[in-house]
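The values are calculated or read from the model by the stated rules, or taken from the named source; none is laboratory data. Everything numeric here is computed off the predicted structure, so don't read it as measured data. Here the Cβ is made from the backbone with ideal geometry for all residues, glycine too, and neighbour counts use every protein chain on show.
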Amino acid sequence: MRYLVRTSTVLRYSAANAWADFRASYTWWSWTFGWLGRMLAQVTFFAFVGIMLGDQAQLRYLVVGNAVMTCVVETMSVVASSSSEGRIGTLPLLSAAPVRLAWVFLGRSVQWPVSGSLTALVSLLALAPAFGVHWSPTQVPALVLLVPLTALSTYAVGLFLSAFVLTASGARNLLSNSAYLVMMAICGVQVPVDFWPSWVRSIASTLPLTHGLAAIRSVGDRAPVADVLGQAGLALACGVGWLVMAVLAFSLLEQHSRRRDAFDFGG
Amino acid sequence: MRLFRDAFRFQAALTLRSPDTVHVLVTAPLYTVVFMAISRHAHRTDLAAYAVLAPVLMSLWSLALLTAGDLISRERSRGTLEAMVATPASFPVVVLARITAVTTISTVSFVESWLVAWWPFGVVVRVEHPLTLLWCLVLSALAMAGTASAMSALYVLLPTARTLQNSFTYPFYLLGGILVPVSYLPEWLRPLSRLVFLSWSSDLLRSALSPAPVVDELPRLAAIAVLGAAGCAVGGLMITRILRRVRSTGTLART
């Protein structure tokens, strides 16, 4: 019980740190006209690809896929913000503290899935109708649940990758950008997962985005509730799986770094 | 010229040793996979050339913007900015040469994108007008360096503008018609896109891969050069004026 209380306190403080970090990075103006504007431009960019292809179904597919993708792009910032602890030299202190490193980093970047969910919902509900993708009021609550589910489960993937750049911050953009582009390619964002060979489909099936996006598309297609719940359950299961792997990766990193004195204050 | 060459070589060495700076060389093939998959799935193999060219321009643009932002802030954090400004060497020339180095490196992404179209998609994109392609790539890289030097001046003046660095990507990919030609954009947006050199570059690069003869090649190359030179002139002027001001007020470290 004491362990749970202590862990939740660490998560709370870490999330407060994340929020402070977010407020230091953005004002409401720079978030709205800088970040949100950029992400809406990304969705518009792919929507125009759909227009160029001249097929309404293709346009709809691209708009929904890329609107949801915005939450993934933002969520993968967890890799960069986690690695910033290495650059500013706080890792030895965190390592010496009587808490598991994984819980600190679980709360440390939680601003990204929250902000990403907001970005994706604005893209789906405000921008997508401009390209002919409309939602009925009964579909909106499902989107409001499924988008954060997709963002949070993808956050676990990003957290797992963060463990690998904690002591190699020079590769943070390389890793996070490559990871989200791979997801953009194979998870059913631009083309159906069936388009790819079976080994690629197998990889895609382990990624939460594949199932979260499938659930959102099912909502759009007015598929039976069981289909939506099935895909949402798979997204959640994948997210939990990646979270377990992230916790293991951070534990191994912690042990290895303590033994080899790999964390330093130098940044 | 010697200053330009030395700054160019310094930045090239620095860039090749930093995995994050050359991340576009990893992301460009991934973008090609994304664009090729869309065109293949839509049975539009005629768009393969677009899928190869778009990541090249995206690499040029994003790497130049990243360098423009990093260049000043890194020198500032290392404490070498003041020394750089105090030397008799022209600071705008150093900035321009260093950005030119990274834009030159990022043109390698054309070879990568071409290879990705060939394998795994089995599409051989033929370069029908190699000289046009070469000139267009060289001029686009220089125009990009000129435009980015103007951005670096903005970052000296307003360090908070770096937060928005990422925001200068997709709006310009859209305006520059790098994947979807400008003719698909709404009519009211087209005149604006003609002020972005990328729109001229993307059009001409597509013409270079098309079997049809290239029409108005020289005026189109000139448009890229003029818009790039305008960016360079604005950047140089802004950097010079900003440096004069911070020298006289002694606020370089605080800008």
Original post:
So, in the range A:173-195, of the ones that are part of a loop (DSSP other than H, G, I, E, B) and more than 8 Å from chain B (Cβ to nearest Cβ), which residue ends up surrounded by the fewest Cβ atoms within 10 Å (Cβ to Cβ)?
Top reply: A:VAL189
Original post:
Among the candidates A:GLY86, A:GLY34, which residue alone is touching a helix residue (DSSP H, G or I) at 6+ places or on another chain (Cβ under 7 Å), at pLDDT below 95 and under 26 Å from A:HIS134 (Cα atoms)?
Top reply: A:GLY34
Original post:
Within the range A:95-120, can you find the residues that are in a helix (DSSP H, G or I) and touching a Phe, Trp or Tyr at 6+ places or on another chain (Cβ under 8 Å)?
Top reply: A:SER95, A:LEU101, A:ALA102, A:PHE105, A:GLY107, A:GLN111, A:TRP112, A:PRO113, A:SER115, A:THR119
Subject >> Of the criteria (1) among the small types (Gly, Ala, Ser); (2) within 14 Å of chain A (Cβ to nearest Cβ); (3) under 17 Å from the mean Cα position of the chain (by Cα), which one B:SER73 fails >> reply: (3)
Original post:
Would a scan of the range A:65-80 turn up a residue that is surrounded by fewer than 24 Cβ atoms within 10 Å (Cβ to Cβ), charged (D, E, K, R) and in contact with a helix residue (DSSP H, G or I) (Cβ under 8 Å, 6 or more places away or on another chain)?
Top reply: no
Original post:
Quick one: is B:PHE121 touching a helix residue (DSSP H, G or I) at 6+ places or on another chain (Cβ under 7 Å), within 14 Å of chain A (Cβ to nearest Cβ) and not in a helix (DSSP H, G or I)?
Top reply: yes
**OP:** Check whether at least one residue in the range A:210-231 is surrounded by fewer than 16 Cβ atoms within 10 Å (Cβ to Cβ), within 20 Å of the chain's Cα centre (by Cα) and hydroxyl-bearing (Ser, Thr, Tyr), and report yes or no.
**Re:** no
**OP:** Would you mind finding the one in B:VAL33, B:VAL26, B:VAL111 that is in a helix (DSSP H, G or I), within 14 Å of chain A (Cβ to nearest Cβ) and free of Cβ contacts under 8 Å to residues at least 12 places away in the same chain?
**Re:** B:VAL26
**OP:** Would you mind stating whether A:PHE263 is surrounded by 14 or more Cβ atoms within 10 Å (Cβ to Cβ) and in a helix (DSSP H, G or I)?
**Re:** no
**OP:** Within the range A:157-172, identify whether any single residue is outside any loop (DSSP other than H, G, I, E, B), under 16 Å from the mean Cα position of the chain (by Cα), of a type in the set (S, T, N, Q) and more than 10 Å from chain B (Cβ to nearest Cβ), and answer yes or no.
**Re:** yes
Subject >> Residue that is at pLDDT 85 or above, under 24 Å from A:SER176 (Cβ atoms) and in a helix (DSSP H, G or I), where the choices are B:ALA49, B:ALA12, B:ALA54 >> reply: B:ALA54
Subject >> Any chance A:ALA223 is at pLDDT 95 or above and not in a helix (DSSP H, G or I) >> reply: yes
Subject >> Residues located in the range A:118-129, provided they are surrounded by fewer than 23 Cβ atoms within 10 Å (Cβ to Cβ) and touching a helix residue (DSSP H, G or I) at 6+ places or on another chain (Cβ under 6 Å) >> reply: A:LEU121, A:LEU127, A:ALA128
**OP:** Please give the number of the condition B:TYR50 fails out of (1) in contact (Cβ under 8 Å) with a residue 60 or more places away in the chain; (2) among the hydroxyl-bearing types (Ser, Thr, Tyr); (3) surrounded by fewer than 20 Cβ atoms within 10 Å (Cβ to Cβ).
**Re:** (3)
Original post:
So which residues in the range A:232-259 are surrounded by fewer than 15 Cβ atoms within 10 Å (Cβ to Cβ) and among the polar types (S, T, N, Q), if there are any at all?
Top reply: A:SER251, A:GLN255
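Here's the yes/no breakdown for (1) over 26 Å from A:VAL43 (Cα atoms); (2) under 14 Å from the mean Cα position of the chain (by Cα):
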{"position": "A:LEU91", "(1), (2)": "yes, no"}
{"position": "A:VAL114", "(1), (2)": "no, yes"}
{"position": "A:LEU125", "(1), (2)": "no, no"}
{"position": "A:THR138", "(1), (2)": "no, no"}
{"position": "A:TYR155", "(1), (2)": "no, yes"}
{"position": "A:ALA179", "(1), (2)": "no, yes"}
{"position": "A:MET183", "(1), (2)": "no, yes"}
{"position": "A:PHE195", "(1), (2)": "no, no"}
Subject >> Residue, nearest to the chain's Cα centre (by Cα), within the range B:185-226, restricted to residues that are surrounded by 15 or more Cβ atoms within 10 Å (Cβ to Cβ) and within 14 Å of chain A (Cβ to nearest Cβ) >> reply: B:LEU198
Original post:
What tally of residues in the range B:184-215 results from selecting those that are closer than 16 Å to B:LEU131 by Cβ, among the hydroxyl-bearing types (Ser, Thr, Tyr) and part of a helix (DSSP H, G or I)?
Top reply: 2
